[in-house]
Amino acid sequence: MKLYRFFCPDITSEMSVLDEDESHHLRVLRLEKENQKVELFDGAGNHRIAEVVCERNSKNIVLKGVGPIETDEPFVPKTVLAVSLPKGERQDTLVQMCQELALNKLIPMFCERSPERVTKAKTRLERWHRITISAAKQSGVNFLTEICEPLKFQNIIQTAKNYSLALLFSPHGAEPITNLLNGRSGLSSVLCLIGPEGDFTEAELEEAKRCNCIPVSMPLPVMRVETAAIAALVLLRTLSNTELKK
């Protein structure tokens, strides 16, 4: 029988305490009775079975670990997705799908043609963190996608040298990603840049090339930002033979 899953940053102690949001969710599901078994995960690949300890006068549910702590292997290559944010609720959809596909890190990126302001995106970080927790609980992925503070395009491409491979996705990319990754192995980390729906400017493309970012295209039509980001991630996972282990 599949157990309900709850996020708890510390599951190594004998007793674990859920925060108010997770405790509320457990009560909504009517699982607060004593000795009720659930699965806890810490967002860093660790998970275990635990039992509810009856705490009638507390807002926070206390659980006792009853099974060994199991640790999933990290995904290789480590993938960082820098994306020019789409508008409105499409941002939430992007975050949810990135978590379901076990993306390691998501960086909101601001380019010359990006529609969002940096200050506006910063206010949504807490909301996006809650979305990653919800998506992880449903998908069974035990690693939480890290969502960074928004960064400008120029700051991100300066870090390209820190990755095994840095890819800039564009309809005008010189090389299809399928050709570039065919037969390539041993990648430990990959940076993927997805621009706004108006694409990167010519100046940005040239600047990225100087920082060792490789412009690539996808074997697909022109897409919305969030669709392009997920398609790029799926292609990278597939072509690098990454398995999504649970």
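Observations
- Filter pass, I194 being surrounded by 21 or more Cβ atoms within 10 Å (Cβ to Cβ), among the β-branched types (V, I, T) and touching a residue at least 60 places away in the same chain (Cβ under 8 Å): yes
- Members of the range 196-229 found to be among the aliphatic types (A, V, I, L, M), touching a strand residue (DSSP E or B) at 6+ places or on another chain (Cβ under 9 Å) and assigned to a helix (DSSP H, G or I), listed by number: L205, A208, V225, A228, A229
- For the range 69-77, the criterion of a residue being over 25 Å from R124 (Cα atoms) and aromatic (F, W, Y) is satisfied by at least one position.
- Test for E206: is it under 24 Å from Q99 (Cα atoms), acidic (D, E) and surrounded by fewer than 21 Cβ atoms within 10 Å (Cβ to Cβ): no
- Listed by position, the strands (runs of 3 or more DSSP E) inside the range 1-77 whose residues that are aromatic (F, W, Y) and in contact (Cβ under 8 Å) with a residue 12 or more places away in the chain number at least 1 are 5-7, 37-41.
- Whichever residue in the range 74-130 is of a type in the set (K, R) and within 20 Å of S240 (Cβ to Cβ) and, among such residues, is modelled with the highest pLDDT: K105
- Scope the range 88-106; condition in a strand (DSSP E or B) and crowded, with 21+ Cβ neighbours inside 10 Å; matching residues: L106
- All positions within the range 78-87 that are surrounded by fewer than 19 Cβ atoms within 10 Å (Cβ to Cβ) and either outside any strand (DSSP E or B) or among the aliphatic types (A, V, I, L, M) (or both): K87
- Selection status of R130, in contact with a helix residue (DSSP H, G or I) (Cβ under 8 Å, 6 or more places away or on another chain), in the same structural domain as L193 (by the TED database), surrounded by 18 or more Cβ atoms within 10 Å (Cβ to Cβ) and of a type in the set (D, E, K, R): no
- Screening V95 with (1) out of contact with any helix residue (DSSP H, G or I) (no Cβ under 7 Å at 6 or more places or on another chain); (2) in the same structural domain as P196 (by the TED database); (3) of a type in the set (V, I, T) gives one miss only, at (1).
- Sub-7 Å Cβ pairs linking a first residue in the range 88-100 that is touching a residue at least 40 places away in the same chain (Cβ under 8 Å) to a second residue that is of a type in the set (D, E), at least 6 apart or interchain, are R90/E226; T93/E226; L94/E226, ordered by first then second residue.
- Hits in the range 159-176 - residues which are under 14 Å from I107 (Cα atoms) and either free of Cβ contacts under 8 Å to residues at least 24 places away in the same chain or part of a loop (DSSP other than H, G, I, E, B) (or both): T159
- Residue that is farthest from R130 (Cα to Cα) [pool: residues in the range 39-77 that are β-branched (V, I, T) and surrounded by fewer than 19 Cβ atoms within 10 Å (Cβ to Cβ)]: V66
- P176 closer than 30 Å to K87 by Cβ, in the same structural domain as L103 (by the TED database) and in contact with a Lys or Arg (Cβ under 7 Å, 6 or more places away or on another chain): no
The values are calculated or read from the model by the stated rules, or taken from the named source; none is laboratory data. Computed from a prediction, not measured in an experiment: that's the story for all the values here. Note that each Cβ is placed from the backbone with ideal geometry, even for glycine, and that neighbours are counted across all protein chains shown.
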